[in-house]
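All of the numbers you see were taken from the coordinates with simple rules; none came from a lab. The structure presented is a predicted model; accordingly, all values stated were derived computationally and were not measured. Neighbour counts run over all protein chains shown; Cβ positions are idealised from the backbone, glycine included.
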Amino acid sequence: MPISAKQLRLQLREKRRSLTAKQQLDSAQKLAISLANQLPKHTKRVALYLASDGEVSPHLFIEHCWANNIEVYLPVLHPFCAGNLLFLHYEPSTKMTVNKYGISEPALNVQLVSPVNQLDIIYTPLVGFDNDGNRMGMGGGYYDRTLATNTSISTIGLAHDCQQVDKLSVQPWDMPLNKIITPTQHINAN
């Protein structure tokens, strides 16, 4: 009997949470090097995320972006349009808050919002992925809804290697990514 998406999501989240602090740091270091090496020269604005729930951390890559004058934006739950994201400018001094999921995000300030179509790359966290570049998120559809109306932006999923599965079931509303990057792999999607 095939495993349900809900069960698979729980198993993959447990796998990434079970990584040791050293494994998490090693993954973050390898990921930062990989992302910095493949970053297009023209990149000026990127959306990233702050890792939670065992996600692979892009914090070292965020520091690389800051050091190279690349603006970093973080997702914020849209306050008026349920199920959607806004992207707010993020710097070391940004005032932070915790959203309803317990995830740190910049405190809402309309002056810090970037229209999604003005971002060069959106890096998304993943729960799971397969060899074909299909992705599994947390199940809320936030990134799917955001990407559905902004299909020209480069989208890259980030994950630990242990989050890879043989095959994911793809739903009609699942927005494909251009690429998935782990500490050891680059998978071109579709």
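Here the simple spin-label model places points 7 Å from the Cα toward Cβ, and for ALA21 and VAL98 these points are separated by 2.0 nm.
Between GLU14 and ASN188, the contour length at 0.36 nm per residue exceeds the alpha carbon distance by 60.1 nm. Legend: distances between Cα atoms for LYS6/LYS100; LYS41/LYS167; LYS30/LYS179; LYS15/LYS167; pairs beyond 24 Å are LYS41/LYS167. Is the shape of the range 5-188 rounded, prolate or oblate, going by the alpha carbon gyration tensor and its root eigenvalues a ≥ b ≥ c, with a/c under 1.5 for rounded and a/b larger than b/c for prolate? Judged from the Cα gyration tensor, the range 5-188 comes out rounded (a/c under 1.5).
Extending 7 Å from the Cα toward the beta-carbon at both ASP120 and ALA107 defines two label points whose distance is 3.0 nm. Across the chain, the relative contact order, built from alpha-carbon pairs under 8 Å that are at least six residues apart, equals 21 percent. Taking only the C-alpha atoms of the range 19-58, Rg followed by Dmax gives 11.7, 36 Å. On the beta carbon distance between ILE153 and ALA67, with R0 = 35 Å, the FRET formula returns roughly 0.90.
When only alpha carbons are used to place a centre, the range 18-86 and the range 117-156 end up 13 Å from one another.
Under 1.5 on a/c is rounded, so check that first for the range 1-91, then, if it is not, pick prolate when a/b is larger than b/c and oblate when it is not; a ≥ b ≥ c are the square roots of the alpha carbon gyration tensor eigenvalues. Oblate. What the Cβ-Cβ distance of LYS6 and LYS167 gives, at R0 = 22 Å and to the nearest 0.05, is a FRET efficiency of 0.85.
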